[in-house]
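Below is one structure, written out as structure tokens; the observations come after it.
Values in this text are rule-based calculations from the coordinates and carry no lab data. This one's a predicted model, so the numbers in the text were calculated from it and none came from an experiment. Counting neighbours? That spans all protein chains shown, and the Cβs are built from the backbone with ideal geometry, glycine included.
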Amino acid sequence: MSATNAASAPPALPLTMNLQYTKDLSFEVPAGAEIFATLRSNPQISVNIDVQANRLQQDQAVFEIVLAIKTEATEPAGETGAAPRVVFIAELAYAAVVTLNEVPDNMIEPLLLVEVPRLIFPYARNIISEVTRDGGFPPVVLQPIDFVGLWQAKRGQNNAAQVSTQTGHA
């Protein structure tokens, strides 16, 4: 290979996606068949998302990243006159195992908590959509997630917790 070809080769990717898998999946309709008979309008849906990264082996740069998504649908307030009932709950922990390839220390956290979730989100989104549809409801189609904002908010919470611990306040 000539020096020109070597210089024009694209740089190596900073991570290798080893595998993706459904770590945990749960779908629940607490009210059972009754909800189908009494629900009169579209439920209100709340979505909670979290990302966790864990090193699998201390001596290697191999990590498991878990994208946890919880969707909960409730009856619109006042529909039955009673407190709103939970229509369904869908919980998914979708994981990826990645290897980092000679990544500078300051790039490890953004790669694990922003880039990997961004790569695996479409798969998790599809699973949530299919599970809710197969559960007898309109599919929940998650909107794109701002993983940078999620990571920054999480860092802010962790920094605040460390400061309060260091100053002796809980």
Region 98-150 versus region 52-68: alpha-carbon centroid distance in Å: 15 Å
Approximate spin-label separation Leu19-Val141, in nm, with each point projected 7 Å along Cα-to-Cβ: 3.2 nm
Net lengthening on full extension, Glu109/Asn54 (0.36 nm per residue, minus Cα-Cα): 18.7 nm
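At a Förster radius of 22 Å, what calculated FRET efficiency corresponds to the Cβ-Cβ distance of Phe36 and Ala77, to the nearest 0.05? Can you show the working numbers first?
Numbers: r = 20 Å, r/R0 = 0.90.
Approximately 0.65, to the nearest 0.05.
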Charge dipole (region 5-130, unit charges on Cβ, about Cα centre) - positive-most of Ser46, Leu111, Ala61: Ser46
